[in-house]
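This report refers to the structure that appears directly beneath it.
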Amino acid sequence: MSRQPYIPISQVALGADEEELVVAVLRSGHLAQGSMVAKLEAEVAGITGAVHAIAVSSGTAALTCAIRALQLLGHLAADDEVITSSFTFVATLNAALNAGLSVRLADIDAEYCIDPASVAELITPKTRLLMPVHLYGLPCDMAAILDLVDRHHLLLIEDSAQALGARFHGQATGSFGLGCFSFYATKNITAGEGGAITTNDDELARVLRLLRNQGMAGRYDYETSGYNFRMTDLQAAIAVAQLRRFKEIQDTRQDNARRLTAELAGCPGLVLPLEPPGRRSAWHQYTIRVTDDARVTRDELAAHLGDQGIGSGVYYPRTVDDYPCFAHLPQLSRGPLPRAELSARQVLSLPIHPHLPLGGIERIATAVRTALVA
Ligand SMILES: *Cc1c(COP(=O)(O)O)cnc(C)c1O
């Protein structure tokens, strides 16, 4: 119907910078992990303020390495308990389960991040690790999380896959504990596939570097059984090129979010996303809730937007454990999850990426209003 350009929920824009750096890597003849990966690591350390950044092949690899490094150094035993969010991408859960940990799933707060009060209720004497997820780019309530970490002597891994550059009272996500980032195609900064782990601990950094490279300390000198989780210089070049525009990309996302909020303010049947005091989002997603008294359901709104040439996304349609493959796993348990379950039914993410066409925000807002205003 509409002749206006389709607006996808996410869009990678690869330009002259990416071409230049990828071609430079090709011409160097050095494709495997090398100087471009080192450059990416320096950039990630700079953004997060962490002492070390270790690039790996994906965000899932980052989580896997982070857990394994804690186990290897004796901080975490195989069957220790981790508490993480019930409202996250499956990679968070997979990394914990595949490491042999027992997983307890907590509910979320009003902004979709793990709820510290729900975490507190799940802590047992076996709990050793907290894995908060900075969902949609918004930092969790790190003050409350750090308080639990201190009081119960817990370890901390932040799933920051969606939150590069987000800040809690000025401190970057990923710098509170071990930070795990993703450079997957749809993330704010992409390498196609890729990830990174940040830490201030020299020994953890050393072990993480071993683990991504077969546990090898020197040529054929194996210190532990490791993985091949290396990133290539080709992938790193793509991310390094994007990081040249990092501030511009972040500012555009934030500006788009603010404009969309201004346009949608007061629209009946909607709950708009916000940044609670001190929590500055990376705005990976702009996620609204379509309440039960709205004129249309969440899925009807998504269909209506699709008819208008506007993409949207449901992150996530179920709590992370609500799949037959995870049912009856003795090592997986959950507390009451009223907010996560309600959110799974009601959330819808709208496009705010930096490549919206001119007038895109107004088009999205008009389409949403048309569906919801009688
Ligand atoms: C993307 C993502 C991951 C995994 O990253 P990959 O690079 O896709 O492996 C983990 N956790 C969350 C919350 C994510 O959004």
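The values are calculated or read from the model by the stated rules, or taken from the named source; none is laboratory data. All values derive from a computational prediction rather than experimental measurement. Note that each Cβ is placed from the backbone with ideal geometry, even for glycine, and that neighbours are counted across all protein chains shown.
Quick notes on this one:
- All told, Q235 falls short of being surrounded by fewer than 24 Cβ atoms within 10 Å (Cβ to Cβ), under 30 Å from V22 (Cβ atoms) and touching a strand residue (DSSP E or B) at 6+ places or on another chain (Cβ under 8 Å).
- Strands (runs of 3 or more DSSP E) contained in the range 171-222 and holding at least 2 residues within 15 Å of the ligand (Cβ to nearest atom) and aliphatic (A, V, I, L, M): 195-199
- Selection status of G165, away from the ligand (no atom under 12 Å from the Cβ), part of a loop (DSSP other than H, G, I, E, B) and touching a Ser or Thr at 6+ places or on another chain (Cβ under 7 Å): no
- Filtered residues of the range 285-313 (kept if surrounded by fewer than 21 Cβ atoms within 10 Å (Cβ to Cβ) and outside any helix (DSSP H, G or I)): R289, T291, D292, D293, A294, R295, V296, T297, Q308, G309, G311, G313
- When residues of the range 21-31 are limited to those that are exposed (fewer than 12 other Cβ atoms within 10 Å of the Cβ) and at pLDDT 95 or above, the one nearest to the chain's Cα centre (by Cα): V23
- Criterion: within 16 Å of the chain's Cα centre (by Cα) and at positive phi - qualifying residue of G177, G192, G215, G170: G192
- Hey, N213 closer than 26 Å to G29 by Cβ and not basic (K, R) or not: yes
- Contact map, the range 272-284: first residue without any contact (Cβ under 8 Å) to a residue 60 or more places away in the chain and part of a loop (DSSP other than H, G, I, E, B), second residue away from the ligand (no atom under 16 Å from the Cβ) and of a type in the set (S, T, N, Q), Cβ cut-off under 9 Å, separation 6 or more or different chains; pairs are L272/T261.
- Put simply, of L358, L329, L348 the only residue that is of a type outside the set (S, T, Y), out of contact with any Asp or Glu (no Cβ under 7 Å at 6 or more places or on another chain) and modelled with pLDDT under 95 is L358.
- Taken as a whole, the structure leaves D201 outside the set of residues that are acidic (D, E) and over 27 Å from R279 (Cα atoms).
- Any hit, the range 244-264, residues being in a helix (DSSP H, G or I), over 23 Å from L138 (Cα atoms) and more than 16 Å from the ligand (Cβ to nearest atom): no
- Considering only residues in the range 135-162 that are more than 17 Å from V56 (Cβ to Cβ) and assigned to a loop (DSSP other than H, G, I, E, B), the one that is farthest from the ligand (Cβ to nearest atom) turns out to be H153.
- Qualifying positions in the range 1-15 - small (G, A, S) and either within 20 Å of the chain's Cα centre (by Cα) or at pLDDT 95 or above (or both): S10, A13
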